[in-house]
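Here's the structure we're looking at; comments come further down.
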Amino acid sequence: MKHAIVIALISTMSLAALPAAPSPANTIAAPTNLAYIDTSFENASPVWYEPASDGSTLVHLLYDHERSSPNRAAGHIHLLLHASPGARLTLDFTNLSNVWNGRPGSVARELKTMFVSENGRDWRPVQTQSIPTNRIRLDLEMPGPKLYVARLEPYRISDLDRWIESIRSSPLVQISPIGRTVQGRTLEIVRVGRAQAPCRVFIRARAHPWEPGGNWVAQGLVERLLQNDDDARRWLERYCLYLLPMANKDGVALGRTRFNLQGKDLNRDWDKPADPQLAPENDALEQWLDTMIRAGQKPHLAIEFHNDGGGQLHISRPPVPELSRHVERMKLLESLLRKHTWFTEGATAPSYRNSGTLGDGWLDRFGIDAVVHELNCNWIAGLNDFPSARHWIAYGANLARVLDEYFASVQP
């Protein structure tokens, strides 16, 4: 009971510094051109909405919460608007005052663009406008009776299933179930290449549901390795790829932002064994890793893909033996990304430490060179363009050469 009171007080104190959104009780709704916001489809965001006094529509995102913590997150956006063709709509997105590590913050500073599509497949960017009280405004004109709005070009479980089926028959691919999510969805490891290859790389995507970029990158990497040209054959002689393509399937299915359905962040607590009840997704991955280690096939490199507003390579520095060797290897990885891809954002500062992430925990507990790679959700500076599935797929394709040159220099 005392713990619950402390958590409640921390949460209240954290939120006190944030301006509140206008109270619906103090406003009088004006006519709006919006007919309906549909959230009945796969990966749609849970929201509620209401007309505002200026004729705009207030869209209230619903938070997901971390277990036994004041931390909360709301940043996933995927909606279907219904309105008359040619209607002009203004959406004000609220409930952006996230709390992380007990400190108040807001996703509004990172939410600079969104993407719209008439069919849910072909997307174009639209810039947002920041307005007071941690809100984001989006002005739209309906090109037809329906319009999808998303924070980033979506990658759904159905997209993953179709893609896996498209590569399943390749003799270079092995797909192995390793466990299940909280709701019972199957988690799989996709292996590309020979298990006997001298080098092994592991990649995980989608630990946080709102961040689809890693899925597109992973797809681009695998498809490049399966092209069966001279380069691809040479690369797969050097290394084998192991991929967990979607770590938080439940969150993706339900349009959540950060945590699994038990309130656990799947990119935290890797500094200790995973809890099979609270984080079965991480427990399944850890059991797979233990099996690989016992078989003498420990990965030599692990990359965890995410999205944020910075796009950096996060090199964490736990107090491990030969830390300097790890840092030098990650600097090599950074230089190769700059050489062969559009990556320009660089690595985090030498003082950076993010305890409990996969990048930090796998280095500390298992001696695996591991790193968290963010993908900028607003702008690709190296291309001078907005992020898109097309650009991320191309990034993954170029990552195939990066990994080859990395392992050519770093001998396991």
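The values are calculated or read from the model by the stated rules, or taken from the named source; none is laboratory data. Because the structure is a prediction, the values reported are computed rather than measured. Neighbour counts run over all protein chains shown; Cβ positions are idealised from the backbone, glycine included.
Just so you know, in the stretch 269-299 the residues that are touching a strand residue (DSSP E or B) at 6+ places or on another chain (Cβ under 7 Å) and part of a loop (DSSP other than H, G, I, E, B) include one that is surrounded by the most Cβ atoms within 10 Å (Cβ to Cβ), and it is Pro299. With respect to the stated conditions, Ala302 is surrounded by 15 or more Cβ atoms within 10 Å (Cβ to Cβ), modelled with pLDDT of 95 or more and not β-branched (Val, Ile, Thr).
Cβ-Cβ distances below 8 Å connect no pair with a first residue in the stretch 67-90 that is not assigned by TED's automatic domain parsing to the domain that holds Asn119, a second residue that is at pLDDT 95 or above and assigned to a loop (DSSP other than H, G, I, E, B), and a separation of six or more residues or different chains. Condition test on Val116, is it under 18 Å from Phe386 (Cα atoms), in contact with a Lys or Arg (Cβ under 7 Å, 6 or more places away or on another chain) and surrounded by fewer than 21 Cβ atoms within 10 Å (Cβ to Cβ)? Criteria met by Val116.
Screening the stretch 130-181 for residues that are more than 27 Å from Leu285 (Cβ to Cβ) and hydroxyl-bearing (Ser, Thr, Tyr) and picking the one that is surrounded by the most Cβ atoms within 10 Å (Cβ to Cβ) gives Tyr148. The residues of the stretch 121-152 that are touching a residue at least 40 places away in the same chain (Cβ under 8 Å) and either in contact with a helix residue (DSSP H, G or I) (Cβ under 6 Å, 6 or more places away or on another chain) or assigned to a loop (DSSP other than H, G, I, E, B) (or both), listed by number, are Trp123, Pro132, Thr133, Asn134, Ile136, Met142, Pro143, Gly144, Pro145, Arg151, Leu152. Looking only at the stretch 363-377, decide whether some residue is within 26 Å of Lys112 (Cα to Cα) and either surrounded by fewer than 18 Cβ atoms within 10 Å (Cβ to Cβ) or among the acidic types (Asp, Glu) (or both). Yes - at least one qualifying residue is present in the stretch 363-377. In this structure, Leu266 qualifies as closer than 19 Å to Arg180 by Cα, modelled with pLDDT of 95 or more, buried (at least 19 other Cβ atoms within 10 Å of the Cβ) and not basic (Lys, Arg).
So that you can scan it fast, the table gives a plain yes or no per residue for (1) in contact with a strand residue (DSSP E or B) (Cβ under 6 Å, 6 or more places away or on another chain); (2) outside any helix (DSSP H, G or I); (3) over 22 Å from His391 (Cα atoms):
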{"position": "Ile175", "(1), (2), (3)": "yes, yes, yes"}
{"position": "Val182", "(1), (2), (3)": "no, yes, yes"}
{"position": "Glu188", "(1), (2), (3)": "yes, yes, yes"}
{"position": "Arg204", "(1), (2), (3)": "yes, yes, no"}
{"position": "Ala218", "(1), (2), (3)": "yes, no, no"}
{"position": "Ala232", "(1), (2), (3)": "no, no, no"}
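With respect to Ile164, is the statement that it is in a helix (DSSP H, G or I) and touching a strand residue (DSSP E or B) at 6+ places or on another chain (Cβ under 7 Å) true? Yes; evaluated as a whole, the condition is true for this residue. Tell me, which residue of the stretch 230-247 that is touching a residue at least 40 places away in the same chain (Cβ under 8 Å) and farther than 22 Å from Met292 by Cα is surrounded by the fewest Cβ atoms within 10 Å (Cβ to Cβ)? Checking each candidate, the answer is Arg234. Of (1) without any contact (Cβ under 8 Å) to a residue 40 or more places away in the chain; (2) assigned to a strand (DSSP E or B), Gln227 satisfies all except one. Which? Against the list (1) without any contact (Cβ under 8 Å) to a residue 40 or more places away in the chain; (2) assigned to a strand (DSSP E or B), Gln227 comes up short only on (2). Residues that are surrounded by fewer than 21 Cβ atoms within 10 Å (Cβ to Cβ) and touching a Lys or Arg at 6+ places or on another chain (Cβ under 8 Å) were ranked within the stretch 379-397; the one that is farthest from Val126 (Cα to Cα) is Ala397. Of the residues making up the stretch 106-120, those that are part of a strand (DSSP E or B) and of a type outside the set (Ser, Thr, Tyr) are Met114, Phe115, Val116.
The residue of the stretch 203-226 that is surrounded by the fewest Cβ atoms within 10 Å (Cβ to Cβ), among those that are more than 17 Å from Glu153 (Cβ to Cβ) and under 11 Å from the mean Cα position of the chain (by Cα), is Arg204.
Among the residues making up the stretch 120-131, those that are touching a strand residue (DSSP E or B) at 6+ places or on another chain (Cβ under 8 Å) and either of a type outside the set (Lys, Arg) or over 22 Å from Pro145 (Cα atoms) (or both) are Gly120, Trp123, Pro125, Val126, Gln127, Thr128, Gln129, Ser130, Ile131.
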